[in-house]
1. Check whether at least one residue in region 52-63 is surrounded by 10 or more Cβ atoms within 10 Å (Cβ to Cβ), touching a helix residue (DSSP H, G or I) at 6+ places or on another chain (Cβ under 6 Å) and at pLDDT below 95, and report yes or no.
2. Out of region 16-41, which residues are over 19 Å from the mean Cα position of the chain (by Cα), among the polar types (S, T, N, Q) and surrounded by fewer than 12 Cβ atoms within 10 Å (Cβ to Cβ)?
3. Mind listing whichever residues of region 37-63 are under 16 Å from GLU20 (Cβ atoms) and hydroxyl-bearing (Ser, Thr, Tyr)?
Amino acid sequence: MMAAKQQSEFNFEEALEELERLVSSMEEGELSLEDSMKAFEKGIKLTRECQTALQKAEQKVQILLNESGETQDFDVEGES
């Protein structure tokens with residue numbers, strides 16, 4: 001039962017590492033067309049999961065800021 005819970009949890013850092021591996025293997029140009037398409041599909045899925053995780057984190061931060069009485073938007077380093 002514990003293993004099923006661990007598998008269902010999304011790990012942002014691991015997803016980013018997997019994306020980097022997929023991009024590297026595709027950039028090397030040694031994958032077949034079929035393998036490239038599979039890597040691309042997996043990369044799209046991972047990208048969407050990462051975007052969802054980031055949106056949820058941002059929502060949590062906004063909720064915490066609103067609960068503390070702070071209503072200003074926060075600046076994320078690197079964003080303009």
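The values are calculated or read from the model by the stated rules, or taken from the named source; none is laboratory data. All values reported here derive from a predicted model rather than from experimental measurement. Because the Cβ atoms are built from the backbone with ideal geometry, glycine has one as well, and the counts that use them run over all protein chains shown.
1. Within region 52-63, one or more residues are surrounded by 10 or more Cβ atoms within 10 Å (Cβ to Cβ), touching a helix residue (DSSP H, G or I) at 6+ places or on another chain (Cβ under 6 Å) and at pLDDT below 95.
2. The answer is SER32, and nothing else.
3. THR47
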